[in-house]
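K.L.:
Can you read through this structure? Questions will come right after.
Just so it is clear, none of the values below were taken in a lab; they were calculated from the coordinates. This is a predicted model, so every value here is computed, not measured. Glycine also receives a Cβ, built like all others from the backbone with ideal geometry; neighbour counts cover every protein chain displayed.
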Ligand code: ISE
């Protein structure tokens, strides 16, 4: 499961924003792995991405990379609707997989993936919910678990994107963006999501015509914790993901701007982020390093697995229904021992 130097040979599928970012990451910052293949049907994009990873071959389809025995593991970074056609041949070849979120766009396709994965000896898929690898999220989870400030009562989040691409449609407010809170909040709070509701404040006139946003997503957890998330797709000024947790005896905050503080022209400023690849750069690095280490030591997954991805898909379905109004219950499912 490695090249002559003992490195894991990773095939990165997709050479868009995330694919290119992961290729640079593996080539420059991750130890024990190399990008051996870039799988991308657009040859121009494939060549540009492969230039970031010396020695990487390019393939139009994952099946071709597998047939050429060019990869030991696969990192999937194409949009969610294209995950299943890559997951299936990669699972059939018994390859370990790091799959960007969402696992698949809906629970029916996610269930098909689970069924196929369960024909293997153990989970092979890790899902790329990178917030779980962010140091501040981990510290907040520890604080919640310790009950040092008493029980957790509420979680209040903001998730602001300066703008979104033209391919971003209304339901993606939930399936592409709030999907992160849908994964990370139950992980933080140790409790599943019971219901989801969406409220619409005054619409941002700068939002693209097809989007009604911002939205306020309200989730109730099984343990009674209430969560609200402001999701903005057209915040204009920058990229901001921040959380405040309210406890019985205090509050905690993560995601505040940090770094260079500047006083000029009678103003005080701290640089904020433009996009998720910088805001979560360290979390992505940690996630990919831990996945590479897990594959090399044989445990294959060190983080959210396909079952977690499926549970998130169920909650996203409720979230998408909630865009039409009402308080929508989330379907529950019992984790099979295979995913314990
Ligand atoms: C994007 O796909 C991501 O995953 C980002 O983390 C999220 O903030 C953004 O809203 C999504 O479009």
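K.L.:
Run the simple label-point estimate for residue 204 and residue 338 please: 7 Å along Cα→C-beta, distance reported in nm.
P.N.:
Using points 7 Å along Cα→Cβ, the separation is 4.1 nm.
K.L.:
Just to confirm the number: angle between the C-alpha axis of helix 135-146 and the first principal axis of the chain, 0 to 90 degrees, nearest 10?
P.N.:
60
K.L.:
Another question about this same structure. What's the extension gain from residue 28 to residue 293 if we count 0.36 nm per residue and subtract their Cα-Cα distance?
P.N.:
Values: separation 265, 0.36 × 265 = 95.40 nm, distance 1.59 nm.
Taking residue 28 through residue 293 to full extension adds about 93.8 nm, to one decimal.
K.L.:
In degrees, nearest 10, range 0 to 90: what is the angle between the Cα axis of helix 281-296 and the longest Cα principal axis of the chain?
P.N.:
Orientation of helix 281-296: about 40 degrees from the principal axis.
K.L.:
Can I ask one more? Report the Cα centroid-to-centroid distance between the stretch 23-59 and the stretch 152-218 in angstrom, as an integer.
P.N.:
Their Cα centres are 32 Å away from one another.
K.L.:
Relative to the longest principal axis of the C-alpha atoms of the chain, give the angle of the C-alpha long axis of helix 17-28, reported between 0 and 90° and rounded to the nearest 10°.
P.N.:
Relative to the chain, helix 17-28 is tipped by roughly 60 degrees.
K.L.:
Another question about this same structure. Please report, in whole Å³, the volume per residue of the convex hull around the C-alpha atoms of the stretch 216-314. Don't skip to the end; give the middle numbers.
P.N.:
Working: hull volume 18.6 nm³, N = 99.
So the per-residue Cα hull volume is 188 Å³.
K.L.:
On the Cα set of the chain, report Rg and Dmax in Å, please.
P.N.:
Spelled out, the Cα radius of gyration and Dmax of the chain are 20.2, 64 Å.
K.L.:
With each label point set 7 Å from Cα along the Cα-Cβ vector, what nm distance links residue 270 and residue 258?
P.N.:
Distance between the two pseudo-spin positions: 0.9 nm.
K.L.:
Separate question: Take the chain, connect every pair of alpha-carbon atoms lying under 10 Å apart with a spring to form a Gaussian network, then pick out the residue of 251, 71, 158 with the largest mean-square fluctuation.
P.N.:
For the chain, modelled as a Gaussian network with Cα springs under 10 Å, the answer is 251.
K.L.:
Okay, next question. Who wins for biggest fluctuation among 268, 247, 133 in a Gaussian network model of the chain, springs between alpha carbons below 10 Å?
P.N.:
Answer for the Gaussian network model of the chain: 268.
K.L.:
If you bin every alpha carbon distance in the stretch 135-279 into 5 Å steps from zero, what whole percent lands in each bin?
P.N.:
In order of increasing distance, the bins hold 2, 9, 18, 20, 18, 15, 11, 6, 2, 0 percent.
K.L.:
When DSSP assigns beta bridges and you keep just the ones with both residues in the chain, what percent turn out antiparallel, to the nearest 5?
P.N.:
55
K.L.:
Over what distance in Å are the Cα centres of the stretch 73-89 and the stretch 233-301 separated?
P.N.:
If we compute the Cα centre of each part, the gap is 26 Å.
K.L.:
If you bin the C-alpha pair distances of the stretch 177-234 every 5 Å from 0, what whole percents do you get?
P.N.:
4, 19, 27, 19, 13, 10, 6, 1
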